[in-house]
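S.K.: Take this structure first; my questions come after.
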Amino acid sequence: MKRGFVLAVFFFLLMTACDNIKKPDVRGSFYPFDERDIAVFMDPGMVETAFSCGAVFGLIVPHAGYRYSAKYALPAYLAAAKNMAYRRIFVLAPSHYFSFEGAALPEWDGFDGIFAVLRTDKKAIDSLSEKRPFFISNDKFNKEHAIETQLPFLARFLPDIPIVPIIIGTLGEGDSEELVTALSLYAGDSLFIASSDLSHYKTKARANVMDKALIDAVISMDRRFFLDEYRRGKIECCGFFPIYILMGIAGNMGSSGAQIVSFGDSSSVTGDRDRVVGYASIVFTGEEIKMMLSVKEKTMLLKLARDTIAFYLKNGKKYDPPDEIKNTFTGKSGAFTTLRKKDGELRGCIGFIVAEKPLWETVRDTAIESAFGDPRFYPLKQSEFASITIEISILTIPERVASADGIVMGRDGVIVRRGWNQGVFLPQVATETGWDRTTFLRHLCADKAGLSPDAWKEKDTELLTFRAIVFSEDEVEQ
């Protein structure tokens with residue numbers, strides 16, 4: 001009861017403190033007005049069979065009225081909620097009410113998800129808005145149920161993760177690839193949702209044939225086949241572009257596959273078998289989020305880094321953390337600790353690509369080195385300490401790639417190595433700079449490894465990639 005009261009007060013204060021919140025348009029029509037009635041559609045007990053899968057980074061979910069489609073969307077959201085390591089969530093939806101070219105982004109600070117206000121990732125939106133075919137337009141979100149019907153699910157199961165809603169209009173093939181490239185920069189620590197119903201107003205028999213063909217095309221992971229089937233009218237969906245783009249991102253990420261979670265149509269509610277609408281949920285899985293950390297574990301590691309720096313400032317020696325820290329983070333993993341000033345400017349960054357120590361010890365040692373041992377900066381002073389923000393990156397084991405074509409920008413950190421020369425960029429460097437692959441590699445070689453800018457092209461140069469779970473004090477409640 002107390003927790004519910006606190007959440008209600010927080011929700012009220014957030015809504016009143018920030019007027020730039022998108023209010024619901026279809027509350028009371030596509031889904032119930034009363035949140036208690038909405039919650040009925042989101043009861044995990046409604047799912048007859050628990051869905052088991054690997055790390056989920058993509059969903060295809062329906063957006064019809066909850067009476068018809070909620071039971072099909074629910075298992076996919078439950079599967080995604082098991083991860084909880086997402087840095088942001090992209091919601092890709094078609095436009096039902098406006099005709100336009102490109103992809104619309106919102107200016108709002110947040111969206112009312114009924115159970116919580118879902119804040120938008122302003123940094124990602126600002127960055128994307130500078131690229132084609134993106135543009136800013138709040139108007140395109142008016143009445144758009146394909147976005148809004150997803151929000152209560154997110155507010156219920158993934159409430160603390162910022163969102164990037166995108167309404168997609170008409171796209172040329174070049175525009176589609178621009179979208180895939182831009183969004184792939186955020187892959188690896190983001191969840192991508194493609195909002196789409198399937199066939200519309202066919203007989204049940206015909207709808208089931210078409211919808212199963214669409215599911216097969218998606219699961220094949222063959223975008224060209226999916227496109228050809230759509231153009232020939234063999235499959236039908238209102239969210240073609242969101243699905244097509246999600247498949248492209250999955251391909252760039254080296255997804256381990258897509259799996260059908262639920263499948264059905266409106267006849268189960270209406271009894272009408274002559275004019276049905278098809279619904280399905282599909283999840284995309286991969287290994288890039290396999291190092292899952294809970295919010296509590298992230299908070300513990302960030303506190304460890306801050307306590308370590310504070311202790312060193314006071315005593316000039318390493319901090320010995322509580323046994324809870326040591327017992328929780330016994331596994332060995334590479335890690336970087338990054339310090340930033342209030343304006344986001346770098347203040348120190350040191351890490352170990354491959355660690356031979358337990359994770360807690362790696363984080364402790366890199367925190368000390370980033371604050372006091374980064375040769376690019378003078379040692380951190382006590383007067384600066386309160387104003388810095390700490391970011392931690394936990395790394396996978398590096399793997400060699402045959403060529404630069406195997407590098408996915410935004411997903412992969414990259415190591416370039418030739419003889420005694422070596423340099424590394426974390427995955428977020430691509431997101432923060434907006435560099436393409438060539439520019440990224442030229443800077444890596446010249447600025448980090450002390451090689452010629454084009455050394456990455458030479459056969460004696462090794463390229464290795466790794467992935468990272470990245471989290472900071474700005475994003476994780478302390």
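Computed from the coordinates by the stated procedures, all read-outs in this text should not be read as laboratory data. In this text, all values refer to a predicted model and were calculated from it rather than measured experimentally. Methodologically, a virtual Cβ is constructed for each residue, glycine included, from the backbone with ideal geometry; neighbour enumeration extends over all protein chains shown.
S.K.: Fewest to most neighbouring Cβ within 10 Å: what's the order for M247, M300?
M.R.: Details: M247 25, M300 20.
Ranked by crowding around the Cβ, least crowded first: M300, M247.
S.K.: Additional query: Quick one: order D139, D265 by neighbouring beta-carbon count within 10 Å, fewest to most.
M.R.: Values: D139 11, D265 25.
Sorted ascending by nearby Cβ count, the order is D139, D265.
S.K.: For the chain, calculate the relative contact order in percent as a whole number, restricting contacts to Cα pairs under 8 Å that are 6 or more residues apart.
M.R.: On the way: 979 pairs, mean separation 70.5, N = 478.
Once divided by the residue count of the chain, the mean separation gives 15 percent.
S.K.: For D274, what is the net charge nearby, where nearby means another residue's Cβ is under 11 Å from its Cβ and Lys, Arg count +1, Asp, Glu -1? Can you show the working numbers first?
M.R.: Working: positive: K202, K204, R206, R273, R275; negative: D272.
Taking every Cβ under 11 Å from that of D274, the sum is +4.
S.K.: With just the Cα atoms defining each centre, how far is the range 205-239 from the range 93-114? Give it in Å.
M.R.: Each part reduced to its Cα centre gives a spacing of 25 Å.
S.K.: For the range 404-478, what relative contact order do you get, as a whole percent, if you take Cα pairs closer than 8 Å and at least 6 residues apart? Walk me through the numbers on the way to the answer.
M.R.: On the way: 110 pairs, mean separation 26.6, N = 75.
Rounded, it is 35 percent for the range 404-478.
S.K.: Further question: Quick check: net charge around S129, other residues with Cβ under 14 Å of its Cβ, Lys/Arg +1 and Asp/Glu -1? Numbers along the way, then the final one.
M.R.: Details: positive: K122, K123, K131, R132, K140; negative: E107, D121, D126, E130, E178.
Overall, the nearby charge balance is 0.
S.K.: Let me ask another. Starting from the Cα of K457, draw a straight line to each of the lysines and keep only those under 18 Å, dropping any in the same chain fewer than 8 residues away.
M.R.: K448
S.K.: Here is a follow-up. Just subtract the alpha-carbon distance of D436 and K122 from 0.36 nm times their residue separation and send over the number in nm, one decimal.
M.R.: Details: separation 314, 0.36 × 314 = 113.04 nm, distance 2.16 nm.
Roughly 110.9 nm would be gained on extension.
S.K.: Neighbouring Cβ atoms within 10 Å as the yardstick, rank W108, W435, W456, W420 fewest first. Could the numbers behind the result be given before it?
M.R.: Values: W108 21, W435 18, W456 24, W420 7.
Least to most surrounded, the residues fall as W420, W435, W108, W456.
S.K.: Here's a follow-up. For R67 and E173, calculate 0.36 nm times their separation in residues minus their Cα-Cα distance, and state this gained length in nm to one decimal. The partial results should precede the final answer.
M.R.: On the way: separation 106, 0.36 × 106 = 38.16 nm, distance 3.54 nm.
Working it through step by step, the gained length comes to 34.6 nm.
S.K.: Shifting gears a bit: Let me have the relative contact order for the range 116-274, percent, based on Cα pairs under 8 Å that are six or more residues apart. Each step should come with its number before you reach the end.
M.R.: Numbers: 140 pairs, mean separation 40.0, N = 159.
Relative contact order here is 25 percent.
S.K.: Using 1/(1 + (r/R0)^6) with R0 = 30 angstrom and r between the beta carbons of A39 and D139, what's the FRET efficiency to the nearest 0.05? Write out the running numbers ahead of the final one.
M.R.: Working: r = 31 Å, r/R0 = 1.03.
Once rounded, the FRET efficiency stands at 0.45.
S.K.: Straight-line reach from K234: which lysines have Cα under 16 Å away, leaving out those fewer than 8 places along the same chain?
M.R.: Straight-distance partners of K234: K202, K204, K212.
S.K.: Given [x] 181; [y] 417; [z] 160, which label gives volume of the Cα convex hull per residue in Å³ as computed from the coordinates?
M.R.: [z]
S.K.: Just subtract the alpha-carbon distance of E384 and S129 from 0.36 nm times their residue separation and send over the number in nm, one decimal.
M.R.: Working: separation 255, 0.36 × 255 = 91.80 nm, distance 3.35 nm.
Length gained between E384 and S129: 88.5 nm.
S.K.: Looking at the range 74-158, how many pairs of lysines come closer than 23 Å at the Cα, when each pair is eight or more places apart or spans two chains? Please list the in-between numbers first.
M.R.: On the way: K122/K131; K122/K140; K122/K143; K123/K131; K123/K140; K131/K140.
Final tally of qualifying lysine pairs is 6.
S.K.: Excluding same-chain residues fewer than 8 positions from K357, which aspartates and glutamates have a Cα within less than 15 Å of its Cα?
M.R.: D320, D365
S.K.: Moving on to the next point. What share of the DSSP beta bridges in the chain is antiparallel, in percent to the nearest 5? Could the numbers behind the result be given before it?
M.R.: Working: 50 of 73 bridges.
The answer is about 70 percent antiparallel.
S.K.: Something else about it: As an exercise, use a Förster radius of 45 Å and the Cβ-Cβ distance of L346 and H200 to find the FRET efficiency, rounded to the nearest 0.05.
M.R.: Values: r = 51 Å, r/R0 = 1.14.
After rounding to 0.05, the efficiency reads 0.30.
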